[in-house]
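Note sheet for the following structure.
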Amino acid sequence: MAERKTISLLEAGAVVKVISPSLTEGLTQLLKSGRIQHIPREYRKGDLEGAFLVVAATPDMDLNRSIFRDGKGIPVNVVDIPELCSFIVPSVVRRGPLTIAISTSGVSPALSRSIREEMEEIYGQEFGEYLDFLSAVREKVKAQSDLAGEERARILKAVGSRQALRMLREEGAEAAKAYVKQVLQSSGIKNVMR
């Protein structure tokens, strides 16, 4: 759990300090690569000095309560224990530019995790690839000076439509791209990329 939370914080651009007598293999690799700091001991009162945000991922409830109490004035999240959280972290699915956040507002972190796992199956890696393609399409459509605003909006709506989404899910990224290219070509936009 601590490893997963650390990776999420790093992805968000945080400077992460891990206080723990031991590290997982993944955290050890992050330490060796210089991506995290490590204090190799148990948590002590005063360790939160200067922290911007605290995530506690320990199975020791007494320690969790101490960390929460010591974190007065600092956002604290004790993983999977909503009553010891001053903020909630949603479960997140990322597929390139697509970000889906799931939260039960702390009522059931386990259900959030289950929904996230289901969303990861529904929205596979092809969604990131497709969105990168749509980004290029959007730029191409916006660059068409001969298109009226309404026509531009109609095209962009079509390429991001439920029909395109259904095609992406059922037939894959290449079929959805072919659909988009057809929409563009029928609107007079030639030389569509990839």
Exercise for review: Specify which of the listed residues (ILE122, ILE100) is in contact (Cβ under 8 Å) with a residue 40 or more places away in the chain and farther than 17 Å from ILE7 by Cβ.
Suggested key: ILE122
Study note, to complete from the structure: Checked the range 63-74 for anything part of a loop (DSSP other than H, G, I, E, B) and touching a strand residue (DSSP E or B) at 6+ places or on another chain (Cβ under 7 Å); matches are GLY71, ILE74
Practice item. Taking the residues in the range 172-194 that are of a type in the set (Lys, Arg) and surrounded by 14 or more Cβ atoms within 10 Å (Cβ to Cβ) as candidates, determine which candidate is nearest to ASP132 (Cα to Cα). Key: LYS177
Revision key, fill the gap. Considering residues that are out of contact with any Lys or Arg (no Cβ under 8 Å at 6 or more places or on another chain), part of a loop (DSSP other than H, G, I, E, B) and either of a type in the set (Phe, Trp, Tyr) or loosely packed, with under 15 Cβ neighbours inside 10 Å (or both), the number found within the range 10-32 is 5
**Study point:** Failed condition for THR58, given (1) closer than 19 Å to ASN77 by Cβ; (2) among the β-branched types (Val, Ile, Thr); (3) not in a loop (DSSP other than H, G, I, E, B)
**Key:** (3)
Exercise for review: Could you tell me which numbered condition PRO75 fails, if it satisfies all but one of (1) more than 24 Å from VAL92 (Cα to Cα); (2) free of Cβ contacts under 8 Å to residues at least 24 places away in the same chain?
Suggested key: (1)
Practice item. Could you list all residues from the range 16-44 that are farther than 22 Å from THR99 by Cβ and among the β-branched types (Val, Ile, Thr)? Key: VAL18, ILE19, THR24, THR28, ILE36, ILE39
Practice item. Considering (1) surrounded by fewer than 15 Cβ atoms within 10 Å (Cβ to Cβ); (2) modelled with pLDDT of 95 or more; (3) not charged (D, E, K, R), say which one PRO59 fails and leave the rest. Key: (2)
Review point. Of all the residues that make up the range 33-56, how many are loosely packed, with under 10 Cβ neighbours inside 10 Å and of a type outside the set (S, T, N, Q)?
Key: 5
Exercise for review: Within the range 13-46, count every residue that is of a type outside the set (Val, Ile, Thr) and within 23 Å of ASP62 (Cα to Cα).
Suggested key: 13
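The values are calculated or read from the model by the stated rules, or taken from the named source; none is laboratory data. Being a predicted model, the structure only gives us computed values, none of them experimental. Note: ideal-geometry Cβ built from the backbone for every residue, glycine included; neighbour counts use all protein chains shown.
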